[in-house]
Structure formats: structure tokens, C-alpha cells
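Heads up: the structure comes next, in C-alpha cells.
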Amino acid sequence: MSDDSVPGLFADAPAGGGYLVLARKYRPRTFADLIGQEAMVRTIANSFALNRIAHATMLTGVRGVGKTTTARLLARALNYRRGDVDAPTIDLDPPGEHCQAIMESRHPDVFEMDAASRTGINDIREILDSVRYAPVMARYKLYIIDEVHMLSTQAFNGLLKTLEEPPPHVKFIFATTEIRKVPVTVLSRCQRFDLKRIDSERLAEHLANICAKEGVKVDADALALIARAAEGSARDGLSLLDQALVQKPGASVGAADVRDMLGLADRARVLDLFDAIAKGDAKTALTEARSQYDSGADPALILRDLLDIGHETARAQALGADARLLGGADWIARVRGLASSVSPAQLSRLWQMLLKALDEAGKAPDPIAALEMALVRLCAAQNLPPPEDAARLLKDGSPASSPQPHQETRQDAGGPRAEQAPVSAPDAGAPSFGNFEDVIRAVAEERDIELELALDRLKVTRFSAEGEIVFIANPAQPRDLVRRLKAFLEERTPFEWRIRSTEESTAPVESLEERRKREREREMEELKRQPFVAEALKAFPDAQITAVRAPVEDPRGDVVPMPQAAKPTPAPGRKKEADR
């Protein structure tokens, strides 16, 4: 709404002279009253001026941004007639001949339908049967369908043909909060307008103008809290303002009153909490969080406020003096001071951990416990070095506590012994790759199946724990194998790896997959030489051993004989005999 919009001709009248809520009393009555939707209004005005008016319009956006109101304004604009003006226009002041009836939803040529309660094909059939008839009074016959995404598939299909080629006197206006649920076949036949969320600062100004017209006093900080809680919805903001005005009848409503109403913590205290987290002071953080909770603050909202402060701090850090921060001078000074004392990497880490904590608080049976556990993690994380410093420490090693370098030679997965050089002992938390099999095990633990299979088939001729792998080139291997393996290893070790292929090898080399196959064949041959298995195979010459399983203990505690053996699979002609 514009600053000077005043309830007038089309204000909703309360039944029996009762109170009219602000969301209805200050509903926009002209396009100039819409706030934050200038791009849409400009497009509509240009389409009227050029006589390029779409036959179907789709309005989408979050709740309370004015979709239904815009639909009615558009219906008025298309059917505007007054005096010498007899053409579509966005200038609806003064009202035209049809304006009042349309805004009161009683015009015979403007049909409003709520698709949430009328979803079937029979409801759409009523529209399809009536579109062929010309309007009774107005220029166009308009069909406004709210929450259009609720229509059934049959209803959408029934609407398609008429929507594509409607009579010239028919216009459709759709509104929805779930644009993704509307079939693309319908969207492609509509001119789409995405109504934007209203900026918190602009919404706070709008609420202040309404307070001035109502003759009530609400502090600027309180209005800012309401605007933030409304999340871009003008209707939600007006509903919350209505609720705030009854907190202190006849007196000024302050920020503390709104915080109590919304279950919010004092924003300055939340900043104290954020500062304690940034310093890694777990005791102060836990004490402050519990105090805010005892005062009525919701744990999830405390986490959301911490996220807001993290966002504002990051903006102040990145934009410097150009950052626009909402709040008093003291608040802005504290946020800028925090931005200068916390590193960007630290802020990024805090943001990620707070997001995870917010999700946990919504699922936890005790939200305050989830909040406190999150604070413990957050404070502990502040005492850890940044990733780049940790990598540098791993690479350089600790001068006093590091053990002496040692030399170790292990059998390589490819067959020949890998050449080992003295290696500094890695950090206890870092993975150790003594041979190529260690690398494959690490890849398997990360569940990178594609890379694991490629490494299983790789014939490695040289492996060095210091960071070198040489393998025999194979045209069947993935093209990006070297890049992926190098990235995997360098994420887990403090040095650069040299990985290359060679065309030949002086000694026979087998892959891990080939070695496993060879070992299985050897086990199978040993199994066939066991007396019990040999007798079974002699009785069933066409039988084959298909699997080898470990001994199985039955419920009585006995162990099934034939260790490492499996029941032979008989030939088809001897199946019944084998079963006996």
C-alpha cells in the first residue's frame, strides 16, 4: 500500500458494526496501493497502452503478498468504464461503474472460484459451458481461480483447450502459492507474474504509516521485529500488528512486548550469545541460552536469530561501509565490531553448523537440549584451527612431539614390492596409506562405487606412501581416473600426489580384482580335494560348486560339517536324486 492510502469506498464492512481487522481495512484498492510489485504494475500498464493484453494471467507468490487482491484489481482494470474513459487502465481512482461490484464479489461477469474446495472436472465444466456466452454488463467476462494448483488432473485437462483458444470476450486470472504443482501445459498458455516478498525495511515503514493513521504508538524496534517475523507477507505483518496493539491498550507498544508475544529473545542478548560462541566461551553461551529460554524465548527462534546475526555480520564484513544494517546506532556498531573480529571462514563455519542445529531442534524431543548441545559443538569448533592452518601443520609436522621418521616396506597390491621412503608420521586423525589396498579401502568407506571398481582393476607397478602411484595404462579405465584419485588422496594427506600411467612393466603385475579371482580359484581347488566334497562330486559328476560359505552353527550348538564347503549343485537330470 502507498503511504497515503486510506480506507474508502471498498473497505470491507464488519458485520454488526464490529471491529475490522487491519489486513482487511487496509487492503489495496488501486495499483498504486500495492507495495513491492512495481515491475508487475509497469508490465500491465504497458500491455494496456499497447493493446497487447494476455487472455490468461498466472499470479504466484508466497502467502499474503496480494495475489487475490491483484486479481480483483486486474478485473476492475480490464472492465474499467467511467465518463469518457472506456478502455482498460491501471488508473482506478476514481472508481468506475463496475469497480464496487467487482471488489464486493457480486458482479455477474466476474466469477471467483476457490480451487481448494472445488477441484473436480464438474466444477470446470460449469466454466466451459458459460464461456461461449457474451458478458452481461462489462467489457470482458473474467474467471478468477484461486489456489489453481489444487485442481485435479482431469480438471486441468478439461481447461486446456478453452485456455488455449478462448473467445475474445473471456479472460482467465489464476492465483497460486504452489507454482510447481501447476502443469507446464497450463503455464505455457499464461502470462506469469511472480509477486515478490516485501522487504522487511519497507514493510516496517508501511506498518508505521498505518499506526499513524490508526493513532496508535508502536516503537520502531517493535515494528522491525514484526516486519521480520512476517517474512515478506503484508497480510501476516498486519495480523501481527493487530495482535501487538492489544498488548498494551492505550500505551506505546515496545520491542519487549513484541518479543514476549512472538516468543523471541532480546536481540541484544542474542548478539551477546553470538559473541560468546565466536570466542569459544561455552560456559557463558550455555548460561545465556538457558536464561533466554527461562524468559520465554523459543530455542528454534534463538537459533534463527543467531543465523540472522551471522548473516548481517557477514554482509558487514563483505560490504564494509556499503552494508545496510537495520537497528539503532549501538546495534550497528556492535555488528560491525563483530565483523572485524571474526574471520570469513569462521563465519561460514558458524552458519553451516547453525543451520544443522536448527534442523535438529525441530526434530529433537527436547528443543532446549538440542540448542545446548549445538552451542557446545559451536564453541568447541572455535578452538580448532582453520582447515588451511590444519593442512599446513600436518605438512610441516610438530617439531617437538613428532616421532622420528621410520621406514617400512609392504607388499604392493600389484605384486612387486613398493619402494618406501622415510615418511613423517602423520597426525593421529589422518588416514594412513601404507599400500594401494589401504587406498581402495578408504575409497570403499566413502562409498564411491565407481572409483572403487576402477581401482580394483588397476595394475599398479609402483606405490609410495610419500605420494607416488604408477600404473599400467588401460583404455577401459575412466578418463578422469587420475584427477579423481589425486583429489581423493590430497584431501586426506598433507602433500601433493604424483599419479601417472605407463605402457609396460618389467615384471608381471595383476590387479586386486585378478588377485581375488586367483585366490578364489585356489580355494576352490583345495575344497575339491577335501574327502567329503570329493565324494559328493564323484556321486554327481555333472555338479558344480557355485559358492563357498563359512560354517553355520545350528540352534543346538552343533556345527555343520564340511568347513569352507558348499553343497554341490547337481546337473538338471540328477536334481531329484541329489535332493534325496
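For (1) at pLDDT below 90; (2) of a type outside the set (Lys, Arg); (3) over 22 Å from SER47 (Cα atoms), each residue gets a yes or a no:
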{"residue": "ALA87", "(1), (2), (3)": "no, yes, no"}
{"residue": "ILE90", "(1), (2), (3)": "no, yes, no"}
{"residue": "ILE102", "(1), (2), (3)": "no, yes, no"}
{"residue": "PRO108", "(1), (2), (3)": "no, yes, yes"}
{"residue": "ARG118", "(1), (2), (3)": "yes, no, yes"}
{"residue": "LEU128", "(1), (2), (3)": "yes, yes, yes"}
{"residue": "ILE144", "(1), (2), (3)": "no, yes, no"}
{"residue": "GLY158", "(1), (2), (3)": "yes, yes, yes"}
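Within region 204-231, if we keep just the residues that are in contact with a Gly (Cβ under 8 Å, 6 or more places away or on another chain) and not aliphatic (A, V, I, L, M), the residue that is nearest to ARG63 (Cα to Cα) turns out to be HIS206. Residues of region 320-369 being in contact with a Pro (Cβ under 8 Å, 6 or more places away or on another chain) and either surrounded by 13 or more Cβ atoms within 10 Å (Cβ to Cβ) or in contact (Cβ under 8 Å) with a residue 60 or more places away in the chain (or both), which ones? Result: GLN346, ALA361, PRO367, ILE368.
Selection over region 291-306 of residues that are assigned to a helix (DSSP H, G or I) and touching a residue at least 24 places away in the same chain (Cβ under 8 Å) gives a count of 10.
If you take the residues of region 213-231 that are in a helix (DSSP H, G or I), of a type outside the set (D, E, K, R) and surrounded by fewer than 20 Cβ atoms within 10 Å (Cβ to Cβ), which of them is modelled with the lowest pLDDT?
Looking at the filtered set, the residue picked out is ALA229.
If I filter region 170-212 down to residues being among the hydroxyl-bearing types (Ser, Thr, Tyr) and either closer than 23 Å to ARG42 by Cα or surrounded by 15 or more Cβ atoms within 10 Å (Cβ to Cβ) (or both), which single residue comes out as modelled with the lowest pLDDT? Within region 170-212, the match that is modelled with the lowest pLDDT is SER200. I'm checking my understanding of the structure. Among residues of region 48-80 that are surrounded by fewer than 21 Cβ atoms within 10 Å (Cβ to Cβ) and free of Cβ contacts under 8 Å to residues at least 40 places away in the same chain, which one is nearest to the chain's Cα centre (by Cα)? Among those that are surrounded by fewer than 21 Cβ atoms within 10 Å (Cβ to Cβ) and free of Cβ contacts under 8 Å to residues at least 40 places away in the same chain, it is ARG52. For region 98-107, indicate whether the set of residues that are among the β-branched types (Val, Ile, Thr) and under 19 Å from HIS149 (Cβ atoms) is non-empty. Within region 98-107, not a single residue is among the β-branched types (Val, Ile, Thr) and under 19 Å from HIS149 (Cβ atoms). Residues to consider are GLU112, GLU97; find the one that is within 18 Å of LEU59 (Cβ to Cβ), in contact (Cβ under 8 Å) with a residue 12 or more places away in the chain, outside any helix (DSSP H, G or I) and in contact with a strand residue (DSSP E or B) (Cβ under 7 Å, 6 or more places away or on another chain). Exactly one residue qualifies, and that residue is GLU112.
Quick check: anything in region 465-484 at pLDDT 80 or above and polar (S, T, N, Q)? Looking through region 465-484, at least one residue is at pLDDT 80 or above and polar (S, T, N, Q). Just to verify a result, which residue in region 115-146, among those that are touching a strand residue (DSSP E or B) at 6+ places or on another chain (Cβ under 6 Å) and in a loop (DSSP other than H, G, I, E, B), is farthest from HIS98 (Cα to Cα)? It comes out as ALA115.
Yes/no per residue for (1) touching a Lys or Arg at 6+ places or on another chain (Cβ under 6 Å); (2) of a type in the set (D, E, K, R); (3) outside the structural domain of LEU128 (by TED's automatic domain parsing):
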{"residue": "LEU160", "(1), (2), (3)": "no, no, no"}
{"residue": "HIS169", "(1), (2), (3)": "yes, no, no"}
{"residue": "VAL184", "(1), (2), (3)": "no, no, no"}
{"residue": "CYS190", "(1), (2), (3)": "no, no, no"}
{"residue": "ILE210", "(1), (2), (3)": "no, no, yes"}
{"residue": "GLU214", "(1), (2), (3)": "no, yes, yes"}
{"residue": "VAL218", "(1), (2), (3)": "no, no, yes"}
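Once region 232-290 is narrowed to residues that are outside any helix (DSSP H, G or I) and acidic (Asp, Glu), the residue that is modelled with the lowest pLDDT is ASP266.
The values are calculated or read from the model by the stated rules, or taken from the named source; none is laboratory data. Being a predicted model, the structure only gives us computed values, none of them experimental. Cβ sites come from the backbone with ideal geometry, for glycine too, and all protein chains shown count toward neighbours.
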